[in-house]
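Some notes on the structure that comes next.
No lab work stands behind these numbers, since they all come straight from the coordinates. What you are looking at is a predicted structure, and each value in this text was computed from that prediction instead of being measured. Cβ sites come from the backbone with ideal geometry, for glycine too, and all protein chains shown count toward neighbours.
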Amino acid sequence: MNKVFSIFAPIILLLILSCKDSKPDNFNQTTKQTVDIEQEKKAILKTLNNETKAAFNRNYEGWKKTWVHDPKITKTYINFADSTFSESVGWNKISLYVKTFIEEHPEPEPIPKLLNDIDLRLYGNGAWVTYELKDSLRGLKRETRLMEKINGSWKIAGMQTTIYGFETDKN
């Protein structure tokens, strides 16, 4: 039996080794893409600031260039200061809401201090952005933006704004 094993063991070992997976060596490797997070952050900040400037200056054409034009995007305002809420779903409704607002309130508003820092999470051609800002007319706001990179440019695909109003010192 030992003699049979010593003859067949090398043959069995060769058969096992020859059944190696025939996939190319790099089959299970993921493609590593180098992303310059600071460069992406600057590009996203530029889009967000351009959208703010256009909205406050009542520049509808400039504003719409910063948004994804898709039926699934959303824009939500929650205003704790005056207990109001609004939600628009889809580019047509969001666009009409903003266009109507600009027509009904054509006078520009003071542009709040533009963003220079955001919390950012990148997901390929998508990003989740959060930040706080103070607006001279509405007070403290927290915003969340869903961004999509389309043809090399970051666009807004979703927005949630929570308005807290002006803080008072409770001490």
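A few points about this structure:
- At q = 0.19, 0.21, 0.24 Å⁻¹, base-10 log of I(q)/I(0) for region 78-171 (Debye sum, equal scatterers on each alpha carbon): -1.18, -1.34, -1.43
- Cut-off 14 Å between beta-carbons: net charge of the residues surrounding I78, Lys and Arg +1, Asp and Glu -1: +1
- Under the simplified labelling scheme, the A81-D119 pair shows an inter-label distance of 2.2 nm, with each label point 7 Å from Cα along Cα→Cβ.
- Ranked for footprinting exposure by Cβ neighbours inside 10 Å, fewest first, S95, S136 give S136, S95.
- Fewest-first sequence of T52, T84 by Cβ atoms within 10 Å of each Cβ: T84, T52
- Pairs from K93/K141; K72/K93; K53/K99 whose Cα-Cα separation, in the structure shown, is over 21 Å: K93/K141
- For peptides 139-146, 150-157, sequence by mean Cβ density within 10 Å, most packed first: 139-146, 150-157
- Relative contact order (percent, whole number), region 48-171, Cα cutoff 8 Å, 6+ residue spacing: 26 percent
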